[in-house]
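Below is one structure, written out as structure tokens; the observations come after it.
The values are calculated or read from the model by the stated rules, or taken from the named source; none is laboratory data. Keep in mind the model is a prediction, meaning the values are calculated, not measured. Virtual Cβ from ideal backbone geometry, glycine too; neighbours counted across all protein chains shown. SASA here: full protein model, heavy atoms, side chains in, ligands and nucleic acids out. Shrake-Rupley method; radii C 1.70, N 1.55, O 1.52, S 1.80 Å.
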Amino acid sequence: MNTYECMYIIQSNLSDDELDKANDRIVEEIEKRGGAILHRERLGRKRLAYPIRRSDDGAYHLLYFELPPGEVSGLRLAYKLHPRLLRMLILRKEREEIAKLQARRRPGDGPAEGEAVEASTDSAGDDADGTAEPAADDESVLETGDEEPMTESDDEDESEKQE
């Protein structure tokens, strides 16, 4: 069995009971084909970028599930025939990716994907303007003294040679 992620949008003009029934029907299609639900998440009602079936907004949902690979095409067909489903996207995911995503969404854990993370800098080596200077013990950035520094006359000689 493969692991999948499904993002789908349901018409938002439905009552909460009708919305739950539409979600249950989506889950039933997966279970009917021998799949198992790993994680369900309601993302809320949001405005659509463009009208779909005369709807300006929709209820977004995220679903992680396992399903045999041969059943995905039948699931997509069933979802296209769903009267309340505006859009859906099914992607194959690695099981480890889903475990990381679930762990990331728990409160107190690291930032969610796409969130900005403040870079922590070592206070030693920071200038007043916030730029870091290389540490003196870092040999990879220190000059070895084997090369002679380039002068302006050397720079002019090189430009004449290129012409």
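For the range 37-51, give me the residue count where each residue is open to solvent by 100 Å² or more (accessible area, probe 1.4 Å) and either assigned to a helix (DSSP H, G or I) or touching a helix residue (DSSP H, G or I) at 6+ places or on another chain (Cβ under 7 Å) (or both).
Total satisfying the criteria: 0.
Being in contact (Cβ under 8 Å) with a residue 60 or more places away in the chain, open to solvent by 80 Å² or more (accessible area, probe 1.4 Å) and over 12 Å from residue 26 (Cα atoms) narrows it down to one of 84, 92, so name that one. Can you show your working first?
Details: 84 fails: over 12 Å from residue 26 (Cα atoms).
When all the criteria are applied, what remains is 92.
Select from the range 1-32 the residues that are of a type outside the set (Asp, Glu) and open to solvent by 50 Å² or more (accessible area, probe 1.4 Å) and list them in ascending order.
Restricting attention to the range 1-32, the residues satisfying the condition of being of a type outside the set (Asp, Glu) are 1-4, 6-15, 19, 21-23, 25-27, 30, 32.
Matches in the range 1-32: 1, 7, 13, 15, 21, 25, 32.
What number of residues in the range 3-36 are under 16 Å from residue 90 (Cβ atoms) and in a strand (DSSP E or B)?
Residues flagged as under 16 Å from residue 90 (Cβ atoms) and in a strand (DSSP E or B) within the range 3-36 amount to 9.
Considering the range 34-46 alone, what residues qualify as being without any contact (Cβ under 8 Å) to a residue 60 or more places away in the chain and over 17 Å from residue 19 (Cα atoms)?
Across the range 34-46, the qualifying residues are 34, 35, 36, 37.
Assuming residue 66 fulfils every condition listed in (1) more than 22 Å from the chain's Cα centre (by Cα); (2) in contact (Cβ under 8 Å) with a residue 60 or more places away in the chain; (3) not in a helix (DSSP H, G or I) apart from one, which condition is it?
Here residue 66 meets the rest and fails (1).
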